[in-house]
Amino acid sequence: MIESASLRETVAAERTRLEEGRAALRAAWESHPLTASLLNGHTALVDAAVVRLWQACGISESAALVAVGGYGRSELFPYSDVDLLILLPDAPDEELNGKLSALVGTSWDVGLAIGHSVRTIDECLEAARADITVQTNLLEARLLTGNGLLFKQFWERYREAINVGEFFRAKLMEREQRYARFNDTPYALEPNCKESPGGLRDLQLLGWIARAMGLGENWRELSRQRLITSGEAKELREGERFLQQVRIRLHYLAGRAEDRLLFDFQERLAGAMGIAATKARRASEILMQRYYIVAKKLTQINGILLQNYGNEIFPERNLPTIVINEHFQEVRELLDIRDEDVFERHPTALFDSFLLMQQRSELKGVTARTMRALWGYRVHINAAFRANPVNRAKFLDIFKQKRGILHAFRRMNQCGILSRYLVPWRRILCQMQHDLFHAYTVDQHTLLALRNMRRFTMGEHAHEYPIMTGLILGFERNWLLYVAVLFHDIAKGLGGDHSVLGMADAREFCETHGMDREDTDLVVWLVRNHLVMSHTAQKQDITDPQTIQKFADVVGDERRLTALYLLTHADIRATGPKVWNGWKSKLLQDLFFAARRLLRGATPEQALRQDERIAKARQTLRYFGLRTGIEDALWQQLDNVYFMRLSHEEIAWHTRMLYFQVDAAEPVVKARVFNENDGVQVMVYAPDQKDLFMRITGFFSRKGFSILDAKIHTTRHGHALDSFVLHSTQRDEDEHYRDILSLIEHELTHALLQTDKIMRPAQSRLSRQIKHFPVMPHVSLLADDAGRCHILSITAADRPGLLFDIAEVLAAHGISVETARITTLGERVEDSFLLTGGGLAQESRAIKLERELLGRLQQ
């Protein structure tokens, strides 16, 4: 056994060598950023270190030290893990175990992030059979030192055991699952350059399958095998170098293994890559557009090569060719062109390829040569092609098909055809969205919205969207909604209101494609007003009859209302995975049904169904066994605003909790799960006091709750009856809100009984989105029409403790909150409060309050 002092000297020496070697490699990279040199240099540096440590630990010559995974293929990025296989002829004894432990420990001591396994050959083969990841790692095994004969035996048995067909199928399933984690798109605003579609993992996948098949070790060799063209091989090489450079620079910028192009790094990464800003665009926008274009090309070639691999691996799948028409045929359930230059000789056949895919359900995709032909022909789509009435009619027919609409537009976008045919689409292609809501580029957000609209029509999704499914299936010529989706954000990036600017593009498309006046007007109106319903539901008081009337006046008729509701729902759900929630769904639903009743002849008050809500609340109370009239004592203390703002179910819940303690001298706090674990709804009933709102918001902030909605009421006899919808920022996904209801009730009641100074919530760091897309705070204080109250409107970036800060300022001025509307839109809040007291009728006091609030918001 090696002496510990000697081992410590070895560790110290290797740590120094690694630090100096890494510094030298980085300096050389900064001078001449050659990705292969850096990756190979890192690999060689680590090779030398682990071999010397192996020798220093005195490990038996019967064992072998093997590099696997990315380290095995000599692609070691600056902060990547070092994956090792310690290959043994037999199970290790106690002495060998001690030496192997020393190897792993010293490797970490010198600064290597080791991932290791200790296995015999049989154990390697068993692990490979059970786990495709292990099988893939072993595919790139490279002997570092030790028993060469043992490694040779391992490699021969591994190659003999691998089933190429099963490996291929498993990697395709793995790819499908990985794509699903990233919403099947490379166009997220913060993509992962390794794992996202079109990232390095896709290129590694192609290499793994080629290696398993014995087809070659690089793109040039695959080109010689005629699996890809020389041009595609060149695209793969250039794309790989670009992604490698991005990943290397990300590692250096982050100082750790970081593969996500986070907003924190995008601007600095662009500068490091020599990309400068222009008058119209940030450097980060230019960088990300380059990234998306590379990812798009690599995704395209990935599909071609995987299909060709499959044809090589499963030649028995070659079924008889079925002729479809003079231009197309079916080959192995794939659409195939009958002639390589069919689109050059028959341009009008281009859109036929998409229509056939929609009309023939037996077609599962297109052949590799058809993909190449579609991609190649895009450059020939010119003004004459766009003006051809046959092409226009066929393009419009794609919207009208019963199936395959989304796939058709995704394929057109992937092949570059959509941006060549729809000229305005070029403006939004791979365009970043610098706001706090969207998680994808504009073009991908649009296609996701189209996906959502299509799902409304499908039976398998009816359980998710029952109302939307019923509405869209009853909507005459519902294909018009797909046109509206395609154009709703078409003018983003032009400056100004994209809803207004997009009208011209939508109208030109409709008119040049022969759509009649009524249909054209509907599409153009939807583009112009596609944000109206969202803004009304989330930013205005939809329990106010005037709000419903104004919205109905804008909509005009039920057909437009239904179309706008469907478009709004599809649009919001496509912004990002964290934007949509049950609370927003309910707001939109309530607005839709209220406006529809109004358009069908009800008065604004009838549309809000206040009488019906009260009747239903009474009915619910009877259902729970409460006698008639039990509610009167509480309801006599409540005004019409309360009954207009709350649902019948909320009214009944409040009444059940309070009918026997209407004059309660101490706080009553009740909590329940909101909308199937979307959050918590909390009711607070207590004698009103000036700092009550501050105490409540302070408690929620300290407990890590974000307030999605707040309804503040003051009863006629001076009690506060407040209702909050909360979302926990600290809850694990598998935790259920019901587990914390009792805790909220007990601790909030205790907090409200305290009379000492209110604890200020701890300051938390701003989110990354807020840092990069700051929201300019705005405060507005205006007297209401009657002059008795003041309306405070606040816009600011959301952050922990924000409401507490507002409440604290109001309390310091002796101001009472009569009602409040809390609206959280992603990382942005737009809140309004109805205030009394504080002498706000005096202009000087009102100005002072506005200035203090603005100062707090800017902290």
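The values are calculated or read from the model by the stated rules, or taken from the named source; none is laboratory data. Note that the coordinates shown come from a computational prediction; the quantities given were computed from them, not determined experimentally. When we count neighbours, we look across all protein chains shown, and the Cβ atoms used for this are built from the backbone with ideal geometry, even at glycine. The accessibility values were calculated without ligands, DNA or RNA, using every heavy atom of the protein model including side chains. Shrake-Rupley method; radii C 1.70, N 1.55, O 1.52, S 1.80 Å.
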How are the C-alpha pair distances of region 295-369 spread across 10 Å bins, as whole percents from the shortest bin up? 18, 47, 33, 3
Filtered hits (aspartates and glutamates, Cα-Cα < 19 Å from LYS279, offset >= 8 within chain) -> GLU267
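Based on the Cβ-Cβ distance from ASP497 to SER793, what FRET efficiency comes out when R0 is 30 Å, to the nearest 0.05? Display every interim value, and only then the final one.
Details: r = 21 Å, r/R0 = 0.70.
Step by step, r from the Cβ atoms, then E = 0.90.
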Distance in nm between LEU149 and VAL554 label points, each 7 Å along Cα→Cβ, equals 8.3
Using only Cα atoms, tell me the angle between helix 283-313 and the longest principal axis of the chain; keep it within 0 to 90° and round to the nearest 10. 60
Spatial separation of Cα centroids for region 649-687 and region 372-431, in angstrom: 55
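Which whole-number percent of Cα pairs in region 58-206 have a distance greater than 22 Å? Numbers along the way, then the final one.
On the way: 5266 of 11026 pairs.
Beyond 22 Å sits 48 percent of the P(r) for region 58-206.
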Set the bar at 32 Å for Cα to Cα. Now go through LYS400/LYS550; LYS492/LYS584; LYS171/LYS400; LYS394/LYS584; LYS400/LYS584 and name every pair that lies beyond it. LYS400/LYS550; LYS171/LYS400; LYS394/LYS584
Heavy atoms of the protein only, probe of 1.4 Å, neighbouring chains included. What is the accessible area of GLU156 in Å², nearest 10? 100
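Let me spell out the model: positive unit charges on the Cβ of Lys and Arg, negative unit charges on the Cβ of Asp and Glu, origin at the Cα centre of region 440-482. What dipole size does that give, in debye rounded to 20?
Values: 4 positive and 4 negative charges, 11 e Å.
Dipole size: approximately 60 debye.
If you roll a 1.4 angstrom probe over the protein chains with everything in place, what fraction of the accessible area of region 410-524 belongs to carbon and sulfur, to the nearest %?
Numbers: 2110 of 4070 Å².
Ligands and nucleic acids excluded, carbon and sulfur give 52 percent.
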Relative contact order for the chain using alpha-carbon pairs under 8 Å, separation at least 6, rounded to a whole percent? 6
With everything on Cα atoms, drop me the angle between helix 35-56 and the longest principal axis of the chain, reported from 0 to 90° to the nearest 10. 70
In nm, to one decimal, how far is the ARG129 label point from the ARG290 one, both placed 7 Å along Cα→Cβ? 4.9
Out of these labelled values of semi-axes √(5λ) of the Cα gyration tensor in Å, (1) 43, 40, 23; (2) 55, 40, 25; (3) 68, 32, 20, which was calculated from the coordinates shown here? (2)
Spatially proximal lysines relative to LYS690 (Cα-Cα < 20 Å; intrachain offsets below 8 disregarded): LYS711, LYS757, LYS848
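Please give the length that would be gained between ALA170 and PHE593 if that part of the chain were fully extended, namely 0.36 nm times their separation in residues minus their C-alpha to C-alpha distance (nm, one decimal).
Numbers: separation 423, 0.36 × 423 = 152.28 nm, distance 4.83 nm.
Between ALA170 and PHE593, full extension yields 147.4 nm more.
Counting helices only, and only those DSSP H runs with n ≥ 4, report the 222 nm mean residue ellipticity of the chain as the sum of -39,500 (n - 2.57) divided by its residues, in deg cm²/dmol to the nearest 500. Before the final figure, lay out the partial values.
Working: 40 runs with 473 residues, N = 859.
Computed mean residue ellipticity for the chain: -17000 deg cm²/dmol.
Hey, any idea what % of region 598-673's accessible area is carbon plus sulfur with a 1.4 Å probe? Write down the numbers at each step before the final one.
Numbers: 1860 of 3920 Å².
Whole-percent figure for carbon plus sulfur exposure: 47.
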Could you tell me how many degrees, from 0 to 90 and to the nearest 10, lie between the Cα long axis of helix 263-272 and the main elongation axis, the longest principal axis, of the Cα atoms of the chain? 50
How many Å² of accessible area per residue for the chain, probe 1.4 Å? 44
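So, with a 1.4 angstrom probe, what is the percent of accessible area on region 676-717 that is carbon and sulfur?
Numbers: 550 of 1330 Å².
Ligands and nucleic acids excluded, carbon and sulfur give 41 percent.
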Multiply the residue gap between ARG26 and ASN382 by 0.36 nm, knock off their C-alpha separation, and tell me the result in nm, one decimal place. 123.4 nm
On a straight-distance basis, which aspartates and glutamates could pair with LYS539 in a cross-link, Cα separation under 13 angstrom, same-chain partners fewer than 8 positions away excluded? ASP709, GLU830, ASP831
